[in-house]
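Contents: one structure, followed by commentary.
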Amino acid sequence: MSNRNSISQGVDWTIVWLYAILVSIGILCIFMVEYRTDSGWLATFLTGKTNYSKQLIFAGICALIATFILLTDSKLFTALANLLYAFGIVLMLATFVLGRNINGSKSWIPIGGGFNLQPAELCKIFTALALAKFLSRQETDFSKLKSQLIAGVIAIVPAVLSIAQHELGLALVYSSFLIAMYREGLPAQILIVGSSFAVLVIATLILNPNVLAIALTAIAGIILFLLRHQLKRSRRLLVLIVGVWLFCVGTQRFGVPYIFNNVLECYQSTRIYSMVGREYDCSKNKKSERKAGEKAARKPDDYNVRQSKIAIGSGGFRGSGFLKGTQTRGKYVPEQHTDFIFTSLGEAFGFAGCFVFLLIYLFLLFRIIKIAERQRSTFSRVYAYSVASILFFHIAVNVSMTIGLFPIVGIPLPLISYGGSSLLTFTVLIFILLRLDADRQMVLR
C-alpha cells in the first residue's frame with residue numbers, strides 16, 4: 001500500500017528536472033561572469049563570498065523549502081491564501097519604513113548576514129494564491145463586472161506599491177495576471193482596449209503631437225462616415241465615438257507627457273524613449289535629481305543595451321566558448337550577473353546555445369500549461385496559469401531587454417539571474433504548483 005504522504009507520489013518530475021537544469025545553468029552563468037583564473041574554482045565556491053557561491057547557497061536553501069512544500073498538505077494554500085496576500089501587502093508597506101535603498105529602489109528589507117528580502121518579489125506568489133482563491137469561490141461570477149474589478153484590484157494593489165518603491169519592472173509583472181483572468185473568462189475586449197492603449201502610447205512617443213492628433217481625428221471622421229446610418233438611430237454610439245476620440249487626443253497631448261515628466265524618473269523616461277529611437281529631454285522631468293551645472297557622472301542610458309548587444313553579437317552562431325568571452329570576462333556589461341545574465345550565455349554559447357536554452361524555457365511553459373489544463377479545481381488551474389504567465393512575462397521582457405527590444409526595467413531572468421529573493425520566489429511558485437498538481441484529484445476552493 002502506497003504512502004499518501006510520500007514526497008514523490010503524484011509529483012511531475014519533468015518540471016523538477018527542468019527546474020534543476022535551469023538553476024544549474026544560472027549558477028554556471030554567474031560563474032562565467034565572475035570567476036578569475038588566478039584562483040581555485042572549488043575554493044571560491046566554498047567561500048560563500050562570491051556571487052556564484054552565494055547563489056549555490058540560495059539553491060540549497062530553496063531545495064529545502066521545495067521539499068517542505070512537497071510535504072505540505074495542499075489544502076493549506078487555499079486556507080491561507082488571503083492571509084498570505086495581506087501579509088505580503090504589509091511587508092511591502094513595511095519597506096517604506098524599514099527598507100534599504102539599493103540602486104535607487106527602496107524595496108529591500110535587510111534580514112542580516114548581508115542578505116536582503118524584496119517583498120515585491122514574494123508578493124507575486126501571494127497575489128497568485130489570492131487571485132486563485134477569489135476566482136474559485138462558488139459565489140464568484142467572473143462574467144460580471146464587479147468580480148472582474150475585484151480581481152483587477154487584487155493584482156493592482158501590489159503593482160501600485162511597487163511603483164511607489166521605484167520598482168517599475170516588478171509593477172509591470174503584475175499585468176501578467178491578465179492572462180490567467182482571460183483563461184477564466186475575462187472579455188477579450190479588455191485585452192484589445194489595453195493593447196490599443198499601448199499602441200497609442202508608443203505612437204505618442206514616435207509621432208509629432210499635432211500629426212498624431214490630426215491622424216486620430218481623421219480616423220474618428222472615417223468611423224463616423226462609415227457608421228452614419230447607425231448614428232441616426234443611436235445617439236449613444238455618437239457619444240461613444242466622440243468620447244473615445246477625446247480620450248485618445250487628451251491622452252497623447254496631456255496624459256502621456258504628464259506621466260513621463262512627473263511620474264517616471266528621468267532615467268526611466270530616457271530608457272523608454274531610447275527604445276523607440278528618440279531622445280528624452282530631462283530638463284522637462286520634475287523628478288530629475290540633477291542640479292543646475294552638475295555633470296552627468298553616470299554612463300549613457302543606452303550604454304547597457306549597446307554593451308549587451310556587443311556581447312551577444314560577439315558570440316556568433318557557436319559562441320566564444322566557456323570562460324572565453326571578452327565582454328563577459330571584461331565586465332563591460334553592467335549588472336551582468338543579474339538583469340543582463342543572458343549576455344553571458346549569448347557570448348559563450350552563441351545563437352545555438354541561446355536557442356537550446358530558450359527551448360528549455362518553452363518546454364517548461366508548455367508543461368505548466370498542460371498541468372493547468374488537467375486540474376479539476378478552479379483554484380489549481382488559475383494558480384497554474386498565473387505561474388505560467390509570470391514566468392513568460394519575465395522571460396520575454398528580460399530577453400527583449402538585453403537585445404534592445406524593450407526598455408531596461410530591472411526584471412530578472414527566472415532561475416538564472418543572481419538573487420536570493422528572485423530564486424526563492426520562482427522556487428515557491430513552481431513547487432506550490434507541483435504540490436497542487438499532485439493532489440489534482442481533490443477539488444480545492
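List of remarks:
- Residue in segment 135-152 that is on the phi < 0 side of the Ramachandran plot, under 18 Å from the mean Cα position of the chain (by Cα) and small (Gly, Ala, Ser) present: yes
- Tabulated pairs, segment 48-70, first farther than 21 Å from residue 80 by Cα and of a type in the set (D, E, K, R), second exposed (fewer than 14 other Cβ atoms within 10 Å of the Cβ) and at pLDDT below 90, C-beta under 8 angstrom, 6+ apart or interchain: 54/48
- A single member of 346, 353, 419 is in the same structural domain as residue 119 (by TED's automatic domain parsing) and at positive phi, and it is 419.
- Only one of the listed residues (25, 15) is within 21 Å of residue 372 (Cα to Cα), at pLDDT 85 or above and among the β-branched types (Val, Ile, Thr). That residue is 15.
- Residue 365 of a type in the set (A, V, I, L, M, F, W, C) and either at pLDDT below 90 or not assigned by TED's automatic domain parsing to the domain that holds residue 34 (or both): no
- Close pairs from segment 225-247: first of a type outside the set (D, E, K, R), partner loosely packed, with under 12 Cβ neighbours inside 10 Å and assigned to a helix (DSSP H, G or I), Cβ under 7 Å, at least 6 apart: 237/230
- Set 182, 258, 174: member being in a helix (DSSP H, G or I), of a type in the set (Ser, Thr, Tyr), in contact with a helix residue (DSSP H, G or I) (Cβ under 8 Å, 6 or more places away or on another chain) and without any contact (Cβ under 8 Å) to a residue 12 or more places away in the chain: 182
- Subset of segment 391-445 that is part of a loop (DSSP other than H, G, I, E, B) and among the basic types (Lys, Arg) - its residue that is modelled with the lowest pLDDT: 445
- Residue in segment 342-349 that is farther than 28 Å from residue 15 by Cβ and modelled with pLDDT of 80 or more present: yes
- Enumeration of residues in segment 394-418 that are surrounded by fewer than 22 Cβ atoms within 10 Å (Cβ to Cβ) and either of a type in the set (Phe, Trp, Tyr) or touching a Pro at 6+ places or on another chain (Cβ under 9 Å) (or both): 395, 406
- Listed by position, the strands (runs of 3 or more DSSP E) enclosed by segment 50-165 that each have at least 3 residues that are assigned by TED's automatic domain parsing to the domain that holds residue 372 and surrounded by 18 or more Cβ atoms within 10 Å (Cβ to Cβ) are 105-112.
- Against the criterion of being touching a Leu at 6+ places or on another chain (Cβ under 9 Å) and at pLDDT 70 or above, residue 306 does not qualify.
- Taken over segment 341-367, residues that are buried (at least 24 other Cβ atoms within 10 Å of the Cβ) and under 18 Å from residue 182 (Cβ atoms) amount to 0.
The values are calculated or read from the model by the stated rules, or taken from the named source; none is laboratory data. This one's a predicted model, so the numbers in the text were calculated from it and none came from an experiment. We place every Cβ from the backbone using ideal geometry, glycine too, and count neighbours over all the protein chains shown.
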